[in-house]
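See structure below.
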Amino acid sequence: MVCSSEYPVEIRTHTALHVVKGAVVRVLGEEAKWTASTYVSGSHGRLTVRFNRKPSPDEIALIERLANEAVEKDLPVEVIHMDRGEAEKRFGDIIYDLFPVPEEVKTLQIVLIRDTDGSIWNINACNKEHTASTKCIGRIRLGKPRFRRSKQLLEIPFDIE
C-alpha cells in the first residue's frame, strides 16, 4: 500500500496507539486489554492500560519490536461503521475501553487491524481518523513506562518518527 504524505502527524500518532495496544496485549496478556486513557500531541502519544505490575525492560523491548513489525507488515487499517448492538454481538466487549461510549451513540466506528494470518491485531470503537495502513505510521519508539500501583495503571509513552 502506498502511504499518502497527506496524513497529519497526529493521525499517524493516533493510529500508532492501536498498534502499540495490540503489541501490549500480545506481550502482557489479556490482563492489559483495558485502556484507561490515551493522549496524542504531535508525534508523541501515551497509552494507559489497567495492569497489575510494571513490565520488565525485556517486555518493553518486545512490545516495541512487535509494534514495529506490525508497521513493517503494512497491515490494512479497516474502519467499519456498525450498529452498536450488532458490533457488541459480533465482537463483544473487546471493542470498548474503560471510558464508556455514551448510550445515545447507536452507530459505532470500529477500527480493525488484522495480522497477516487473519487474527485480530487490534479492534476498538474509535471515532478518530486513521491511516489506511500501519506502514503509514512510521517507526515507533517507546519511552520509559510509568506504573501507578495505587491505581493499577500502566502508562506507556511513545513517539513516532
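Here are a few things to note about the model shown:
- Inter-label distance, Tyr39 to Glu86: 3.8 nm, where each label sits 7 Å from its Cα along the C-beta direction.
- Cysteines in the chain that, by Cβ-Cβ distance, have no pairing candidate under 4.7 Å: Cys126
- Net +/- balance of residues flanking Gly22 in space, Cβ distance below 12 Å, scoring K and R +1, D and E -1: +3
- Neighbourhood net charge (11 Å Cβ-Cβ; Lys/Arg +1, Asp/Glu -1) for Lys106: -3
- Going from the residue with the fewest nearby Cβ atoms within 10 Å to the one with the most, His44, His18 rank His44, His18.
- Debye-formula intensities of the stretch 9-160, expressed as log10 I(q)/I(0) at q = 0.12, 0.21 Å⁻¹, are -0.46, -1.43 (one equal scatterer per alpha-carbon, no solvent).
- Cα gyration tensor, the stretch 70-161 - rounded (a/c under 1.5), prolate or oblate: oblate
- Structure note, pairs Lys33/Lys128; Lys33/Lys144; Lys21/Lys89; Lys33/Lys106; Lys54/Lys106; Lys73/Lys144: Cα-Cα distances above 28 angstrom occur for Lys54/Lys106.
- Of all complete DSSP H helices in the chain, those with a Cα span along the helix axis of 15 Å or greater and a mean Kyte-Doolittle hydropathy of 0.5 or more are 9-28.
- The residues packed around Cys126, meaning those with a beta-carbon under 13 Å from its beta-carbon, carry a net charge of -1 if Lys and Arg are +1 and Asp and Glu are -1.
- Within the listed set Phe51, Phe147, Phe91, the residue fluctuating most in the Gaussian network model of the chain (springs between alpha-carbon atoms under 10 angstrom) is Phe91.
- Computed over the chain, the per-residue total of -39500 (n - 2.57) for DSSP H runs of n ≥ 4 gives a 222 nm mean residue ellipticity of -9000 deg cm²/dmol, rounded to 500.
- Likely footprinting exposure, Leu153, Leu108, Leu142, fewest C-beta neighbours within 10 Å first: Leu153, Leu142, Leu108
- Overall form of the stretch 120-161 per C-alpha gyration tensor (a/c, 1.5; a/b vs b/c): oblate
- When each of Glu30, Glu72 is scored by the number of other beta-carbon atoms lying within 10 Å, the sequence from fewest to most is Glu30, Glu72.
Quick note: the coordinates plus some simple rules give every number you see, no bench work behind them. Being a predicted model, the structure only gives us computed values, none of them experimental. Virtual Cβ from ideal backbone geometry, glycine too; neighbours counted across all protein chains shown.
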